[in-house]
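Here's the structure we're looking at; comments come further down.
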Amino acid sequence: MDFPFGMTHYTYLMTTTEAHPDLTMEELLGIFPGARRTLFQLHHIGGCSSCGFSPTETLSQICARNAGLDPVAVLAEIKEGHLKDEALLISALDLQKQLRDAAVRLLDIRTREEFEAVAIPGSRLMTQELMQEAMNWPKETLIVLVDHTGSRVLDAAAYFAGHGFTNVKGLKGGIDAYSEQADPSLPRYTTEAA
């Protein structure tokens, strides 16, 4: 069976059969990491302290206290947002191939210290100056954003897309996945919890 947007069988099952409105937000965010972004964009839920939610609340409970939203409809919106997120990601192996075959602007959004410790060859550290430069690139430029584990690239991709860029991707799993799957010569690392 072919799965949408290159999804794995596991991800397909999680998005079609196991998610339901009575999951806690912690469980739901484990299945759909972008659920908070979707909830905030569509319903202004979860973006600040006044509209926040607890990890132990269920989606049904959150919908009930937010104008009685239909939790089944909201879950469908979260699933749709997840599929859109997946379409914005590029795998480590696909990026490796793109770097060989096409012009790619590889922008690293990690800290300077992380970037100086290890970086994908050809990548550039995102700075304020580089951001200003990038805004003048052709809008169809292939831009791939890199962070440590892939947790921040979707927000950065959304920023570029919001400025009219049509070919922006985030590296799924970040440089950590790239080191593990595409270029083992790059050392893997961990960061101190803040």
Next on the checklist: Whole-Hz ³J(HN,Hα) for each residue in region 173-180, computed from phi via Karplus 6.51 cos²θ - 1.76 cosθ + 1.60 with θ = phi - 60°, x for glycine and proline: what do you get?
Outcome noted: x, x, 5, 4, 5, 4, 4, 6
Item to check | Helix 71-87 axis, angle to the chain major axis (alpha carbon atoms, nearest 10°) | outcome: 10
Checklist outcome for this item: the chain, Gaussian network, Cα under 10 Å: of 126, 25, 135, the residue fluctuating most is 135
Next on the checklist: Compute the angle between helix 92-101 and the longest alpha-carbon principal axis of the chain, please, reported from 0 to 90 degrees and rounded to the nearest 10.
Outcome noted: 40
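If the chain between residue 152 and residue 112 were fully stretched, how many nm would it gain, using 0.36 nm times the residue separation less the Cα-Cα distance?
Result: 12.8 nm gained on full extension.
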Item to check | Principal-axis tilt of helix 153-162 within the chain, Cα atoms, nearest 10 degrees | outcome: 90
Checklist entry - Each label point is 7 Å from the Cα along the Cα-to-Cβ direction; what then is the distance between the points at residue 42 and residue 163, in nm? => result 2.8
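Coordinate-derived values only; no laboratory data. Please read these numbers as outputs of a predicted model, since none were measured by experiment. All Cβ positions, even for glycine, are placed from backbone atoms using ideal geometry, and neighbour counts span all protein chains on display.
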